[in-house]
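Down below is the structure, laid out as structure tokens.
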Amino acid sequence: MDESVNKGKLSLDLLVGLSIFLFTFIFVASFLPGVFADVRNEINLAHQAYRIAALLAEDPGYPSDWESEVNLTNCKSVEFRPGLIVFNAGSGKSYNNLNLTKVEKFAELLNNTTCREEVKKYLGLNLSPFGSPIVYRMSVSLKNLSGAILTNNSEVTLNHGDQEKSAQVIKFERIVYLDRSVDNCDLIANRCVAKLEVRIWT
């Protein structure tokens, strides 16, 4: 048998095996970036949800009496940053102690489309005026420890924001208490305790 005839030829088995390997490699290489993109997006959303919950529960806002300065008619012209905690000039900040008047004003602003976009801009969730392509959506609610929305005089205290239209919504909860009781809150040591829930998506 003339061996020179078989030199330089690849077997059919080798070609089939090499084809399967290349096909698998290309599929995995194109699939992995999408997986990691979802993970990166989820981490980013979780960071934003935590950041907003911390701002609301640890900051009185700017100015510290913003709730009396801002309303539905001037929310676009007045510079403010919403924060929900109690602030006394003498004793300072009370972390996690939410001022119900600020909560109700925050709910009023979130319930208005124009003011909601201003709130998101000042919270760093809508940077499109500054050239950023990402605009986050947000909703915020106050619930009792059983998960029911808090009400005050039979009206919803806080359950407002954008309408959810995304499959990937990240939620962050924080235990807070209010400076005065509302209808269906849980009382611990004679304090009205609630869950501040922040939901973020794109």
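The values are calculated or read from the model by the stated rules, or taken from the named source; none is laboratory data. Only a predicted model underlies this, so the values are computations on that prediction, with no experimental measurement involved. Positions of Cβ are backbone-derived with ideal geometry, glycine not excepted, and every protein chain shown enters the neighbour counts.
Quick notes on this structure:
- Odd one out for GLY131, checked against (1) more than 29 Å from LYS76 (Cα to Cα); (2) over 17 Å from the mean Cα position of the chain (by Cα): (1)
- Taken together, the criteria place VAL156 among residues that are surrounded by fewer than 19 Cβ atoms within 10 Å (Cβ to Cβ), touching a helix residue (DSSP H, G or I) at 6+ places or on another chain (Cβ under 9 Å), closer than 23 Å to VAL86 by Cβ and of a type in the set (A, V, I, L, M, F, W, C).
- So SER141, is it farther than 18 Å from ASP65 by Cα, among the hydroxyl-bearing types (Ser, Thr, Tyr), at pLDDT 90 or above and in contact with a His (Cβ under 8 Å, 6 or more places away or on another chain): yes
- 3 or more residues in contact with a helix residue (DSSP H, G or I) (Cβ under 6 Å, 6 or more places away or on another chain) and surrounded by 12 or more Cβ atoms within 10 Å (Cβ to Cβ): qualifying helices (runs of 4 or more DSSP H) within the stretch 28-131: 100-110, 113-122
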